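Structure, as structure tokens:
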Amino acid sequence: MTLLYYDPVFMEHQTGDHPESPRRLLPVVRHLHFLGLDVTCRRPSWEPATREQLALAHSAEHIDYVQQFASSGGGWIDPDTRLSHRSFEVAILGAGAACDAADRLIAGEDSTAFCLLRPPGHHATEDQAMGFCLFNNVAVAARHAQQSPGIDRVMIVDFDVHHGNGTQDIFYDDASVAYFSVHRDHFYPHTGAAAETGTRSAIGTTKNLPVAMGTPRSEQVAQFEREVSLFADSFEPDLVIASAGFDAHVDDPVGSLGLHTEDFEAFAKILMRVANEHCDGRLLSVLEGGYNPDALSDCVTLYLETLLAG
């Protein structure tokens, strides 16, 4: 059984007509309920991330700034990222979900988890909100997981259409957390070149796979399978965390790499196989992008069904 994290509070991060709005998740939640997948999964209760947990990946100044910016009424914290007065509370609940899921997977309660949360996180750096992201959910969860005995090496796999610059930056000189990203080449945030591989003792623990627009779907999936498998074999993770972005879908209005819904089923199967080979199946997936609500609903449903099928 897969752990599923969702709370209606995630709708209270109000962003107006912004692409990253509550409208993203409504069709997903309704469709999962219609199919009964929400009750097929186990639905834990959890607490928001503490300040100490957030500080594992973010500066105190950044945490304070986001909290104060939201409490003063919100607005545009950067040219792409909008907050409302409840955004800080929503964001720390999302980060808390990722941490709680990591704890439960490590404890052996289940082997897979999916966090259906917003706002996304992979563009948030240690000290900056950007690209719709306030706190880096997967980075916080990775560092939190490493506080558990036996979890020394965490691998983050990011298949959002945009490169997760924040995640890469946070771990660029940390050899204990490996970062793999497949993303659209020459696209926002204009990072993630193949030559970016880490620094100092962490050289080789960052792997970027930029994909040119127009690359056939079958080739994208085959490249992903080959490269992520080789990367995992060399790193040997104790936990796999997926930054699960679905905006490479052919119908996405913000990104797209021409992928179809069933390609994300293939991604899920590849990641499950990697997790089974290296870390007793422990695979934590955290929602990132996906801005066509109907396409996102289809993709999340199939991805979750794949996790449940084992």
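The values are calculated or read from the model by the stated rules, or taken from the named source; none is laboratory data. Since this is a predicted model, take the numbers as computed values, not measurements. FYI the Cβ positions are ideal-geometry reconstructions off the backbone, even for glycines, and counts take in every protein chain you see. Accessible surface areas use protein heavy atoms only, side chains included; no ligands, DNA or RNA. Shrake-Rupley method; radii C 1.70, N 1.55, O 1.52, S 1.80 Å.
What the table shows:
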item: Accessible surface, per residue, of segment 1-102 when the full set of protein chains is kept, probe 1.4 Å, Å²; result: 45 Å²
item: Coil-residue GluC sites (Glu not before Pro) of segment 241-289, DSSP, other Cβ within 10 Å capped at 12; result: none
item: Cα centroid separation - segment 56-91 against segment 109-180, whole Å; result: 18 Å
item: Other-chain or far-sequence residues with amide H under 5 Å of Ala242's (modelled H); result: Val157, Leu284, Ser285, Val286
item: Heavy-atom accessible surface of the chain: percent carbon and sulfur, 1.4 Å; result: 50 percent
item: Amide H partners (placed H, <5 Å) of Leu209, local residues excluded; result: Ser181, Val182, His183
item: Per residue value of the accessible surface for segment 165-310 (all protein chains in place, 1.4 Å probe), Å²; result: 37 Å²
item: Correct option for P(r) over Cα pairs in 10 Å bins from 0, in percent [calculated from the coordinates] among (1) 6, 20, 19, 10, 10, 14, 13, 7, 1, 0; (2) 6, 28, 36, 22, 7, 0; (3) 7, 31, 40, 21, 2, 0; result: (3)
item: Stokes-Einstein diffusion coefficient of segment 1-104, Kirkwood radius over Cα pairs, 4 °C, 1.567 mPa s, in µm²/s; result: 86 µm²/s
